[in-house]
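Contents: one structure, followed by commentary.
The values are calculated or read from the model by the stated rules, or taken from the named source; none is laboratory data. Please read all numbers here as calculations on a predicted model, not as lab measurements. Neighbour counts run over all protein chains shown; Cβ positions are idealised from the backbone, glycine included. Please note that ligands, DNA and RNA were not included when accessible areas were found on the heavy atoms of the full protein model with its side chains. Shrake-Rupley method; radii C 1.70, N 1.55, O 1.52, S 1.80 Å.
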Amino acid sequence: MNYLEHLNPNQEKAVLAQSKYTRIIAGAGSGKTRVLISRVAHLVMDLGVFPGSIVAITFTNKAANEMKERLISYIGDRSAGVHVSTIHSLCVRILREDGPSMKLPRNFTVLDQDDQKTIVKEAYRELNLDKQKHNINHDIDYIGANKGAEITPERALELAGFHYGEQEKAKVYKYYVDRQKALYALDFDDLLLVTVKMFDLFSDVLNKWQRRFNFIHVDEFQDIDNVQYKLIKQLAGPTNQVYVVGDPDQTIYTWRGANVNIIMDFPKDYLGTETIVLNENYRSTDQILGAANTLIKFNQYREDKDLFTQRKSTEKVTHCTFASEEHEAKWIADKIKKLHLDSTYKDMAILYRASYLSRSIEKGMMEGKIPYVIYGGTRFYDRAEVKNMLAYLRMIVHNDDLAFKRIINEPKRGLGDKTIDTIFDLAKAKNVTMYEIAKTEKPFKGKIQATIDDFVMMVETWKSKLESAKLTDLFELVANESGLRFLYEENNETDRIENIKELINDIALFQNQYVEAGLDEYLQMVSLYGERNEISTGDYVTLMTVHAAKGLEFGTVFVVGMSEGIFPNERAMAEGKRGLEEERRLAYVAYTRAKHKLFLSETKGYSFILGSARRMSRFIEEINENYIDHIGVNYDYEHPKEIKLNVREKTITAFSDKMSNGAHSIFKVKDWVLHPVYGEGQILSLNGNLAEIMFAFPHGIKKIMASPQYLSKVEVHDE
């Protein structure tokens, strides 16, 4: 009976529920997995239910494995008969037995994402399509959407009409389906769709599985989509018990099909449903939960519940306002260093709504020499679109071969590998760069040579503007004239577009900090952040999107980018109330990842992503003042001062004034300093925070913002 020990009254009620249909509304950190597994153990050990008649469905292999391990610890060998798996694995089991009724061999192949991409790439090649005009992930989503809507490839081609791009996607869809048939293969979408269709067509097969599984349990019920729900209803039939566990306040995946109405309307579909609420949280402090509770109450379409905890604390949630992302990143790095004295880096996480927001945070981590990993993502300067833009900028300054090779056909210009190899061989023979060959030689004829000439003319035009144009203006020109921005916009690659805009923001900040520095200096600065070994083991801070953080917990959580249009996201808000409520649920998930301390931060100034000045997120304003402190950080870098603010009275101007009034340079005229790009130099003059510094040849005199974020003092000892 150890599986019933240490349960709170609501948990015990949930485990021992006797209703045919049971809905458990399980708040964040309320022990839902323990309840679900204890329920299964209760059925087997106390009620004598045959283990093989029980199925427990979840949605990730990690969750399924955790459930299996817990069940073994509760009931030992008897757990072997219980079917615990993801919903896709359950479908594989069903189709292995009864797939032949759908003319499917029992040894069919299951395609993973890499397999899907391989087939789509084959389609591009076999159909002679320009892969630069296709986004492989979007095409796979298109195939899945058509399958889900029961639209055949032939019908998809009819619906494409005279739209050439849609026609191409429909042809890729047909190739994909034909290739699947030849391989006797199903993808993840098919596993569900074929199983549901088989149950619709063959009542004897459906009855068999209804008789086999009499007790159906579903975890993370708030995340299921319509097809998954249909499968669950088919298995339930008129007689089987259904036990679902989820939290409508954590429905954050509607963009991939999750339907919050399913868990909300469950009692309507299954009359006589007993609903039990698990609202005691074992993860977070009362201050964090108070903030999360007051936030989520602004959503109207939800099951009302107030999470509570026995974990009392005087540490309120801290809202921090900064003058820029660089200030924010530096302060967070300093705070993490202090916290690390009493904690591990692994117990800390930095969350953001969109991946482009990692750019400044990564810089802060590297400058602070703090180990970090991007969970489920790629470092900002390693992202393909960022590397492409930086390669174009390198062409303007350096003409190096690596940059030339990367962008000569990005976007695609119809130059094949043989053409690039010819240029490379000529450059090697003459001991010059590939760009020099492209510029001075005419090794090709016709369209190929004309394309190369156009490329050279484009680069030379940018070079001619290098001295006179602002770096941000030059960047915009390159992004547009190279065709990169158009390529990403045409493919609707929103994340890539946002990363490009964030790179513009990076350049703008660089210009403000290094007044007389040029493009070459910027590229050198970026290279300093590009050299970093990946960390796979040991102690490190985790950086991730809020979506990726679902199901995880950390002692200390920083949520950055808390500005209107960023979090909540402006595209989601454009969907109206539905979109805004999902964004609020996402914020609720972010806040409830924290166990001990939660920081919410936002910055002022202009955002190239938003195309306007930033203003504080409503998800900060909606937190009851009893649970949150507001501070601004007045930075002199050596000794940052935290200024207590009243968020109801705070304005950008007032905060900026406090920042400027309290800022004092730690540098003096004649100080020797070290700069990461120019090396050692001596300060000749100071005008506010702008220093005129003499560096060694070939750099000479440069004007640079005098701050320890970019300069460090060099101690000079008399011999």
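Residues that are at pLDDT 80 or above and more than 22 Å from Glu362 (Cα to Cα): does region 519-527 have at least one? Looking through region 519-527, none of the residues is at pLDDT 80 or above and more than 22 Å from Glu362 (Cα to Cα). Among the residues making up region 528-547, those that are among the aliphatic types (A, V, I, L, M), at pLDDT 90 or above and within 18 Å of Gly368 (Cβ to Cβ) are Val541, Leu543. When you scan region 46-83, how many residues do you find that are more than 14 Å from Val218 (Cα to Cα) and touching a helix residue (DSSP H, G or I) at 6+ places or on another chain (Cβ under 6 Å)? Looking only at that region, the number is 11. His340 falls short on exactly one of the conditions (1) at pLDDT below 90; (2) of a type outside the set (Ser, Thr, Tyr); (3) over 26 Å from Leu586 (Cα atoms), and that condition is (1).
Restricted to helices (runs of 4 or more DSSP H) entirely inside region 313-420, those with at least 1 residues that are open to solvent by less than 20 Å² (accessible area, probe 1.4 Å), free of Cβ contacts under 8 Å to residues at least 60 places away in the same chain and of a type in the set (Phe, Trp, Tyr) are 401-407.
Only one of Lys208, Lys230 is basic (Lys, Arg), under 30 Å from Ala548 (Cα atoms) and either within 32 Å of the chain's Cα centre (by Cα) or part of a helix (DSSP H, G or I) (or both). Can you tell me which? I'd like the intermediate steps shown before the answer.
On the way: Lys208 fails: under 30 Å from Ala548 (Cα atoms).
On inspection, the qualifying residue turns out to be Lys230.
Within region 551-568, count every residue that is over 23 Å from Glu326 (Cβ atoms) and either of a type in the set (Ser, Thr, Tyr) or surrounded by fewer than 20 Cβ atoms within 10 Å (Cβ to Cβ) (or both). Selection size over region 551-568: 4.
Can you find even one residue in region 57-70 that is of a type outside the set (A, V, I, L, M), outside any helix (DSSP H, G or I) and open to solvent by less than 20 Å² (accessible area, probe 1.4 Å)?
Among the residues of region 57-70, at least one is of a type outside the set (A, V, I, L, M), outside any helix (DSSP H, G or I) and open to solvent by less than 20 Å² (accessible area, probe 1.4 Å), which makes the answer yes.
Just so you know, in region 35-56 the residues that are free of Cβ contacts under 8 Å to residues at least 60 places away in the same chain and surrounded by fewer than 19 Cβ atoms within 10 Å (Cβ to Cβ) include one that is nearest to Ile87 (Cα to Cα), and it is Pro51.
Among the residues of region 610-628, just one is more than 14 Å from Gly561 (Cβ to Cβ), hydroxyl-bearing (Ser, Thr, Tyr) and not in a helix (DSSP H, G or I), namely Ser612. Of the residues making up region 448-471, just one is surrounded by 14 or more Cβ atoms within 10 Å (Cβ to Cβ) and small (Gly, Ala, Ser), namely Ala469.
Where residues in region 254-278 are under 19 Å from Ala587 (Cα atoms) and surrounded by fewer than 20 Cβ atoms within 10 Å (Cβ to Cβ), which of them is farthest from the chain's Cα centre (by Cα)? Even if it seems obvious, please write down each step before you answer.
So the first thing to find is which residues in region 254-278 are under 19 Å from Ala587 (Cα atoms), and the list is 254-256, 258-260.
With surrounded by fewer than 20 Cβ atoms within 10 Å (Cβ to Cβ) added as a condition, the list becomes 254-256, 259.
Values: Thr254: 15, Trp255: 13, Arg256: 14, Asn259: 21 Å.
Only one residue tops the list, namely Asn259.
Which count do you get for residues in region 548-568 that are over 27 Å from Ser313 (Cα atoms) and either assigned to a helix (DSSP H, G or I) or at pLDDT below 90 (or both)? Adding up the residues that qualify gives 1.
Being open to solvent by 20 Å² or more (accessible area, probe 1.4 Å) and over 19 Å from Leu278 (Cβ atoms) is a condition met by no residue of region 21-29. Among the residues in region 43-50, are any at pLDDT 90 or above and under 27 Å from Tyr588 (Cβ atoms)? Within region 43-50, not a single residue is at pLDDT 90 or above and under 27 Å from Tyr588 (Cβ atoms).
Name the single residue that is farthest from Val245 (Cα to Cα) among those in region 206-231 being open to solvent by 10 Å² or more (accessible area, probe 1.4 Å) and among the aliphatic types (A, V, I, L, M).
First pass over region 206-231, keeping only residues open to solvent by 10 Å² or more (accessible area, probe 1.4 Å): 206-208, 210-212, 214-215, 220, 223, 225-230.
From what's left, among the aliphatic types (A, V, I, L, M): 206, 227.
Values: Leu206: 24, Val227: 18 Å.
The qualifying residue farthest from Val245 (Cα to Cα) is Leu206.
Reported count of residues in region 71-87, each being closer than 16 Å to Phe213 by Cβ, part of a helix (DSSP H, G or I) and in contact (Cβ under 8 Å) with a residue 40 or more places away in the chain, is 1.
For Gln222, indicate whether it is in a helix (DSSP H, G or I), under 30 Å from Asp306 (Cβ atoms) and not charged (D, E, K, R). Yes.
Within the span defined as region 238-248, every residue fails to be farther than 16 Å from Ser89 by Cα, open to solvent by 10 Å² or more (accessible area, probe 1.4 Å), hydrophobic (A, V, I, L, M, F, W, C) and at pLDDT 95 or above.
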